[in-house]
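What follows draws every value from the coordinates through simple rules; no lab data is involved. The structure displayed is predicted, hence computed values, not measured ones. Positions of Cβ are backbone-derived with ideal geometry, glycine not excepted, and every protein chain shown enters the neighbour counts.
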Amino acid sequence: MDPASERVGELLSAVRNIAGKHLQQWTGNAFEHVDDALFDLAEKAENNATQMHYFDGMREVRKRRPSVERNFLGAVSRSIAELAHPPKAEPTNVPASLGGVELSLVADNELEESLAITSMIGKNESRLSRDLFSVNQRLSVICGGHKVDDAGNPVGPAVLAQAFRQALHELSADMRVKLIIYKLFDRYVLSCLEELYQDINTELVRAGVLPQLRHEIMRGGNAKPGPAGTQAGGVDPAGGVASGNVDEAGDIPSDLLQTLHALFSARRPHAGVGLGAANLPSGPLPSANELLGALSVLQSQIASAGPLPHAQPDDAAELSREVLQLKGQLLTQLGALRGEKPSHVATIDEDTIDLVGMLFEFILEDRNLPAAMQVMLARLQIPYLKAAILDRKLFAHRQHPARRLLDCLAEQAKSWSQESDRDQRLHDKVKWIVDQLLHDFDDDMGIFDRLLVDLQQFQDANKRRSELAEQRVAESTRGREKLEQARRRAAREILDRIGENKLPPLVHGVLARAWANHLVLTLLREGEDSPAFKSALRFIDEFIASTRTPHDVQSQQTLRQMLPGIERALRQGLANVAFQEQDVERLLAQLHTYYRQQLGETLGPAEVVTVEEDAAMLAIPDNIQPIIESRNSQQEELEEEVAEVPLDSPEWHQVLALQPGTWLEFCLPDEAMTRAKLSWISPMSGRYLFVNRRGLKVADYSPQELTGLMTNGQARVLAANALFDRAMSAIVGKLSQPDNPAPADNPAE
C-alpha cells in the first residue's frame, strides 16, 4: 500500500472513531428525550385527534429508533471514509430541463421539514464557524488539497442534518412529531459539536496536520477581513490558504444557489472560459477584501451626500439606472484603488453582484411596494452587496438577519400610504434604518441583527396600538350591523302583518315609526326568542285587528275589551323609545277619538277636525326615525347591485377567497392612493371591513362592490409572501426564459 494512502486512512479512521463515539452518545441522548416531549404535547393537545398523533408517534419512534440511529451513524461513517477518494471536479452544466426551474425545490408537504433543517444548519454553522473552519482546512490537507467546505464536511452541521433527515425517512410519523425530533437533534447533537471539532482538531494537530493554522477570515461573522488577497475557503495542496476567490458556491447548502449560478454561467458570453489571473491581461482577480474596500468607498460617497431626500416621481427611474451601472462603477473604483482597472471579477463574485443587482431591480419594479418606499429601499444595494460577499448564506437561509431585515422593511412598507402615516413615523423609521446601514455598515454583520430588533420593537408597539383601534372599529361596525339587521327584521315583521290591509294614517304611522323602533330596541336588548319581543309582535296583530270596523254588538264588545290592553302596551312601548309623556297622552287622545268613531259614537265638530289634522301629521314626534319606508328602496338597490356582478368572473372568486389580514391597494377616482387591510368579514351582511396600518377604518364594501372595484382596476390584492421569496422566484423565472438576455457583463472600460 502507498504510504501516503495508508497515512490518510489512519487519520480518517481516527476522525471516524472520534465522531462515532460522540455522535452515538449524543443521538441516543436526543432519543431518550423524545418520549417525554411527545407525552407533554399529548397532554396539552387541543383535541383527541392531535393527542393520538403524538401517542402514535411515541410508539413509532420506539419501534424505529434502533434502525434510525444505525442508519444515521452508518451514513456519517461512510461519508468520512469517502474523503479518502474525493470525486473529480466536474464542470457545472445547466440541466437540459432548466426552463421549468421553480424556486420551491421541495414538495409542499416537505417545506416545513426543509425550513427546520435549513434553520438548524445556518444557526450552527454560524456559531461553530471558527472550529469548523479549522476542521475543513485540516481535512482538505489530508485529502491532498481537495477542498472540504462546510457543505461537504462529513461532520459539519449540513451533512449531519441531511444524514439524520435521510435516516428519519423510514419513520412514518406525523410531521409534527418529526419536527419535535429535529428540535431535540439540534439541542442534544448539533449544539454539542464544538466539543467534537475540538477533539478532531486536537488529534490532527497532534498528528502534525497544520499545527500553525489560523482562522484568517470569518465570512458572516464579526471578524475583520484578513489581508488583501486572502480568503477563507481555498486550500492549496500544501495546506495553506490560497489567494484569490473560490470559483464555486462555497459553503452554501442550497440547490437554489447552484441553479442560479448555473443559469448565470450559461447566459454569459464567457461561459466555460476560465477566469483565473493567468487568463486575463489585467492582473490577478480582485479579492473579497478588495471588493469590500471598493464598495465601502462607493457607499461612503452615497452616505456623504447627506440624508435621504423625500421620494420624487422620477427617482425610481434614476435609481434603476444606478442599479444597472453598479458593476461598472465597482470595476472603476477597483482600478482607482489598485492602480489598474481589472476587466473581470471571479465568477462567484460576479454571480453575487448580478444577483444583488437583480434583487434591487425587482424592488424598484415591485408594485407591492409604494413608490416612496421603493426609492428608499433601493438605496441599500451596496450594503447588501457587501453583506452577500461577506456571507454567501444571505441568499440561502430564510432566517439570515440581513434577509429578515429586508423582508421586515418591505412588509412594513407594504402597508404605507401618506394618509395612514401623517405623522411620518413609519416613513422616518425606514429612512433611519437605511441611513444607519449606509453610514455605519462596514463588515460587522451584527448591525443587521441590531436594526432588525429595533424595527421589530417599533412594529410591535405600533401593532398594539393598531389592534386596539381595529378592535374598536370592528365592534362599532358589528354594532351598526346588528342595528341594521334588527331594523330590517322589524320592518319585515310589520310589513308581513299589514299585508293588504289599508290602515288609517294614524295607525300606520304608529306601526311604521314608533313601534318599529320599539321592536328594534327589544330585539337588540332581549333577543328574538324573548317574551318581550313576542309580546311586541302580538301587539301588531291586535293593533291591526282593532282597525276593522265592528258591524254588530259582539264585534263592538270585542273591540272595547281590546282597547285597555292596546293602551297599556302603547304606553310601555312608547316609553321604551323615549316618547315624552305629553306626546304619549296626545297620541292616545287621538286614538281614543279614532276608536270612538269606530264604535259609532257621535263626535263634536272640533273633535273631527282635530282627528283629521293630527292624523295627517301622524301624531309622531320628529325624533322617531321612520324605517319601513326605506326598506323597499334598499332591497331594490341590493338586487340591482348583485345583478350587475358576474358571479363566474376571476375577480368574484378572488374576492370570495380573501382572508382577514390580506392587504389591498385602492386607487379611487379623485382620491389619494391608499392601502388597507381586510380586518373583518361580517357574518351578518357579508361586508368586508378595511382598516389602515393604524387600525382606522378606510372603507367597507359588499363582495359585489369589491368585485366591481377589482374589475375596474381600482382595487388590487397585494402579495402576502416575503419580498426575498418573491424576488428569488422572479429572478429564477427571468433567467429561465430562453430569450432573456444575459446580465450585463463586466465592462472593460
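For the range 491-599, what is the relative contact order in percent, using Cα pairs closer than 8 Å and at least 6 residues apart in sequence?
Computed over the range 491-599, the figure is 31 percent.
Beta carbons within 10 angstrom, averaged per residue: use that to sort the peptides 716-729, 132-145, 37-50, highest first.
132-145, 716-729, 37-50
Which order, highest average first, do 410-422, 652-664, 381-393, 358-370 follow once you tally other Cβ atoms within 10 Å for each residue and take the mean per peptide?
In decreasing order of mean packing, 410-422, 652-664, 381-393, 358-370 become 381-393, 358-370, 410-422, 652-664.
Set the Förster distance to 60 Å, then compute FRET efficiency between Gln580 and Arg716 from the Cβ-Cβ distance, nearest 0.05. Walk me through the numbers before you get to the answer.
Values: r = 53 Å, r/R0 = 0.89.
Here the calculated transfer efficiency is 0.65.
For the range 524-554, list residues with backbone N below 19 Å from a point placed 7 Å from the Cα of Gln561 toward its Cβ?
Only 538-554 fall inside the zone, counting backbone N under 19 Å.
I'd like the FRET efficiency for Glu542 and Leu599, computed as 1/(1 + (r/R0)^6) with the beta carbon distance as r and R0 of 25 Å, rounded to 0.05.
Working from the Cβ atoms, E equals 0.95.
With Cβ to Cβ distances under 12 Å as the rule, what net charge do the other residues near Asn71 carry (K, R +1; D, E -1)?
It works out to a net charge of +3.
Modelled label-to-label distance, Asp552 and Leu179, 7 Å Cα→beta-carbon offset: nm?
In this crude spin-label approximation the distance works out to 8.0 nm.
Hand me the trypsin sites (Lys or Arg not before Pro) from the range 468-569 located in a DSSP loop with no more than 10 other Cβ atoms within 10 Å, in residue order please.
Lys502
Relative to the present Cα-Cα distance, how much length would full extension add between Lys21 and Val453 at 0.36 nm per residue of separation?
Once the chain is fully extended between Lys21 and Val453, it gains 151.5 nm.
Any lysines with Cα under 25 Å of the Lys183 Cα? List them, leaving off those in the same chain fewer than 8 positions away.
Once the sequence-local lysines are set aside, what remains near Lys183 is Lys21, Lys44, Lys63, Lys123, Lys393.
What residues qualify as long-range amide H neighbours of Ala699, i.e. H under 5 Å apart, gap of 5 or more or another chain, H built at 1.01 Å from N?
Phe690
Just rank Glu481, Glu290, fewest to most, by other beta-carbon atoms within 10 angstrom.
Working: Glu481 17, Glu290 22.
The order, fewest Cβ neighbours first, is Glu481, Glu290.
Label-point separation (nm) for Ala84 and Ile302, each offset 7 Å from Cα along Cα-to-Cβ?
Placing both labels 7 Å along Cα→Cβ, they lie 5.2 nm apart.
Excluding Lys534 itself, what net charge comes from residues whose Cβ is under 10 Å from its Cβ, given Lys and Arg +1 and Asp and Glu -1? Let's see the in-between values first.
Numbers: positive: Arg538; negative: Glu526, Glu528, Asp529.
The answer is -2.
Give the calculated FRET efficiency between Arg422 and Arg367 to the nearest 0.05, with a Förster radius of 25 Å applied to their Cβ-Cβ distance.
Once the sixth-power term is evaluated, E becomes 0.60.
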